[in-house]
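Readers should treat all values here as calculations from the given coordinates under stated rules, not as data from a laboratory. Bear in mind that the values here come from a model prediction, so they are computed numbers and not experimental data. Neighbour counts are summed over all protein chains in view; Cβ atoms, including those assigned to glycine, are modelled from backbone coordinates with ideal geometry.
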Amino acid sequence: MDKNLIIPRQSRPSMAIPSHIGTQFELFPKSTKPIVSFTERNDSKLTDIRLNYICKNGPLSEAISVIDSIAHRGSKVRPSTYINLLESCIETGCVEVGRELHARIGLVKEVDCFVQTKVVSMYAKCGYLDDARKMFDEMRERNLFTWSAMIGACSRDKRWREVVDLFFNMMEAGVFPDDFLLPKILQACGNCGDFEAGKLIHSLLIRCGMNCSLRINNSILTMYAKGGKLDMAKRLFDNMDKRDRVTWNAIISGYCQKGEIELARKYFDTMHEEGIEARLRTWNILIASYSHLGHCDVAMDLMRKMESFGITPDVFTWTSIISGFAQNSRTIEALVLLGEMLLAGIEPTGITITSAASACASLKSLNTGVEIHSVAVKMGFVDHMPVGNSLIDMYCKCGELETAQSVFDMMLEKDIYTWNSMIGGYCQAGYCGKAHELFMKMQDSNVPPNIITWNAMISGYIKNGDEDQAMDLFQRIEKDSKIKRNTASWNSLISGYLQFGQTDKALGIFRQMQSFHVRPNSVTMLSLLPACANLVSGKKVREIHGCALRRNLLSERAVANSLIDTYAKTGNIMYPRAIFDGMSSKDIITWNSLIAGYVLHGCSESALSLFDQMRKFGPRPSRGTFASIIYAYSLVGMVDEGMHAFSSIVEHYQIRPGLEHYSAVTDLLGRSGRLVEAMEFIENMPVEPDSSIWAALLTACRIHKNYGLAIYAGERLLDLEPKNFLIHKLLLQMYALFGKSEDPLKLRKHEKENTMVKPLEECWMEFENMVYTFVVSDRSKPCSDKLLSWIQRIAIDVKRPDPESGIWIEEEDKEDVSGVHCEKWAFAFALIDSRSSPQSIRIVKNLRMCRDCHRTAKYISKAYGCEIYLSGSNCFHRGANYFHHFKHGHCSCQDYW
DNA sequence: GGAACTACGT
């Protein structure tokens, strides 16, 4: 009965009657002589022959007049005639004739239930399920076949609930399903999640003794397994007296879907013991699951293994692996495999193409993307919606909005993905007007927007700097539509504020979302954390850390990595180590972050010993590792070791050194006073030095008092960054110290040309849960007279001969009579004006710290037993010491900055 | 018994 007829899945009238069929059938009778000629006198037997001929050769529409003439003669049309005609209607998708036949069959009781059932199945198989149901409901008598036709039709149309409801009606009517219908009903129970109904059927079958059939047991097992009820599935599996490949596949794929890949593997490995060999399908289940869970390499090994067992991977095998690689950011491997698959002569499916296109999208690899596009066209996937959608996305991500738009325009059918991809593309590129235009069109074409659309629009507005529109949309979503805002909606706002440096507003949104019971996710963490990577944000980081712990987000490596990095930058190196030690899986970023953290804190020994461990147990060191490691050697003056590390980059690790490495080596040589070598090193670099390199040399020359070379480095630096006020100021000092009088004039001209404005010196300090701002000569703070006198008294103590710096006092940043640098106000405030004596002080400054303040900070750290962390956010030499850590009268920078 | 892919937020 079920002959796998080609039935359109949905009721699409245009597809229901293929237009070519009519012509084909019209031409035929003209070219051949009819076998019999029809005359009025022919008896019913001849009529039947005629109708049989029409059934086979058409045109079907002629059958109606034949039937009418039979009725006109007062004879009866035999049921088998109707059956044959309806069967032909199904085969040709000719619902019009079917309808005419239906009108003639009617609902008269005398007419066979068999014929009426055929009408139901005719409608259903032509794609008119509602007509089928109408006929079914009007029927006075229904047998097992009638129920089967109706239930089968609903099942094909995935109307699972309806199938289950029909089943109960059927039972009430006293009709019991057979071996063919039961699997459909059980499948429906599973797919609509009605396990109660499923269990009921199961127990019913046990009571009736029908559960002995392997086919039905497999159906029940599948129902449980697909629904994640693996305990039930396993119990049934163990109780089954006979098992076949279907049984094993069902249990294996059940465990796979649950993510219990190891258990699935166990079954896979033992099935042959029962004499059942894994075939292609079974291998594919396992491979797909490994791929899906990100174990791409295991999946790959399995594919090779199945080949060695003589089983050729099919398009499903390849596609699983390709999309597995694509989804795990191993996009290049995915594309290579696609090539291999095409070479093996396997035709891709729409899903293969979709995965490959998305790989190109994330790689922003337009050329390959275009190739994939042409493969898609060649293979005839132009009407495959996910393929079109992924191509639109690919072109958008590659910045080819026009091509994306043309793919979009050519798509006959558009779904929510199509619209969202195109709208998202315009939003990302900042074309909010275009996005909005499409947004309107989308609603006109009856595709209602979803949360993805809204979120894309919100982030589009924010990227455009249109905070009001974004906020307005954010507020309107839940009011105007029934769509609920999700974490991504909040994340869009957060990243929008962060983009414009409004960290506090972003944090406000972060707190608000939690009070709205919206769960922050790893994206929230990963956007907020970098914004808190400064010395005054320690408390914020702990807040985010706490949230990550509560939400179990620390298990995500990226979050843990970011926390390591951020904590280190807030002046805390204990937490990063603890997080590092607690991580079950570490990647290169994990190792590099902690190593860089140690270097940042001046802990060269820890950095180097971690590097040692990394080489033994960790991932292969990368460029970033070496940039930190050379600084670690630099800090402790191990020049030879540092140079050796540098040369090993090329020799051992085949990494081409980058500017970061050259800069580190300049620092290494310069710090130890090997200024000429440093200069030679710069001159012999195969790449053009950037400002970080000249800055490293300038710093070294200042410390080692080679003012001639300092001026040279400073001038190169100024060439590269003509608007940098700090460089300008340092250079002026160098000229003064070197005794040059003409050059400053040249510099002043430079100054005029670039209209440099000296930034207002200010600093921030987190203290007793507040962030305070201080500016030069800050008299606005309470009790400032008290603070000033403290500062003056401290100054006397500090001015005592400093054995470390010797007699050299640099004439830089001299505080004038009335001016007091902002960090001194901060020290005073923290130590005098606070109720408790602080253990540590954390300050972020917008400019560089001067020598006098540095000396003061060292003194305070000793005299008050208080650690001070200070960073100049405008620090122009970002080498090893990103910040100063004062402790026991010493600074982590070893007076080198 | 019958697989999987695409869109927002870093």
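Taking 7 Å steps out from each Cα toward its Cβ at A:R476 and A:S837 produces label points 6.1 nm apart.
What translational D, rounded to a whole number of µm²/s, comes out for the range A:418-485 from Stokes-Einstein when the hydrodynamic radius is the Kirkwood one over Cα pairs, at 10 °C and 1.306 mPa s? Could you put the intermediate results ahead of the total?
Values: Rh = 11.7 Å.
Approximately 136 µm²/s, per Stokes-Einstein.
Counted over the range A:551-698 with a bin width of 5 Å, the fraction of Cα pairs per bin, in whole percents, is 2, 10, 19, 22, 18, 14, 9, 5, 2, 1, 0.
Modelled spin-label separation between A:K729 and A:L214, with each label point placed 7 Å from Cα along the Cα-to-Cβ direction: 8.6 nm.
Grab the beta carbon distance between A:L720 and A:E340, set R0 = 30 Å, and tell me the FRET efficiency rounded to 0.05. Present the calculation step by step, with values, prior to reporting the outcome.
Values: r = 47 Å, r/R0 = 1.57.
In this case the efficiency is close to 0.05.
Would you please give the FRET efficiency between A:A103 and A:K226, computed as 1/(1 + (r/R0)^6) with r the Cβ-Cβ distance and R0 = 45 Å, to the nearest 0.05? Don't skip to the answer; put the middle values down first.
Values: r = 42 Å, r/R0 = 0.94.
Once the sixth-power term is evaluated, E becomes 0.60.
Over what distance in Å are the Cα centres of the range A:286-358 and the range A:62-104 separated? The two parts, judged by their Cα centres, are 51 Å apart.
Once the Cα atoms of helix A:95-105 and of chain A are each reduced to a long axis, what angle between those two axes, in degrees from 0 to 90 to the nearest 10, is obtained? For helix A:95-105, the angle is close to 40 degrees.
What pairs in A:K705/A:K845; A:K125/A:K234; A:K118/A:K199; A:K134/A:K482 have C-alpha atoms more than 30 Å from each other?
Numbers: A:K705/A:K845 26 Å; A:K125/A:K234 37 Å; A:K118/A:K199 32 Å; A:K134/A:K482 33 Å.
Beyond 30 Å between Cα atoms: A:K125/A:K234; A:K118/A:K199; A:K134/A:K482.
Cα centroid separation, the range A:482-552 to the range A:849-873: 32 Å. All alpha carbon pair distances within the range A:170-228 were sorted into 10 Å bins beginning at 0; the resulting P(r) in whole percents reads 24, 61, 15, 0. Computed 3J(HN,Hα) for the range A:590-602, one whole-Hz value per residue from the Karplus formula 6.51 cos²θ - 1.76 cosθ + 1.60 where θ = phi - 60°, is 4, 5, 4, 5, 5, 4, 4, x, 4, 5, 4, 8, x, glycine and proline marked x. Can you find, among A:W790, A:A404, A:C126, the residue sitting farthest towards the positive end of the charge dipole of chain A, where Lys and Arg contribute +1 and Asp and Glu -1 at Cβ? Ranked along the dipole, the leading option is A:C126. Extending 7 Å from the Cα toward the beta-carbon at both A:N367 and A:K158 defines two label points whose distance is 3.9 nm.
Once every DSSP H run of n ≥ 4 in chain A is given -39500 (n - 2.57) and the sum is divided by its residues, what mean residue ellipticity at 222 nm do you get, rounded to the nearest 500 deg cm²/dmol? Walk me through the intermediate numbers first.
On the way: 47 runs with 577 residues, N = 897.
The helix-only estimate for chain A comes to -20000 deg cm²/dmol at 222 nm.
In degrees from 0 to 90, rounded to the nearest 10, what is the angle of the helix A:230-239 Cα long axis to the longest principal axis of chain A? Computed tilt is about 50 degrees.
The length gained by stretching the chain between A:E273 and A:E138 to full extension, at 0.36 nm per residue less their Cα-Cα distance, is 43.2 nm. Compute log10 of I(q)/I(0) for chain A with the Debye formula, placing one identical point scatterer on every Cα and leaving out solvent, at q = 0.05, 0.08 Å⁻¹, to two decimals. Ignoring solvent entirely, the Cα scatterers give -0.48, -0.96. Against chain A, whose longest principal axis is taken from its Cα atoms, helix A:331-343 shows a tilt of about 40°. Near the amide H of A:R842, within less than 5 Å, lie the amide hydrogens of A:E766, A:Y869, all on another chain or at least 5 residues away, with H placed in the peptide plane.
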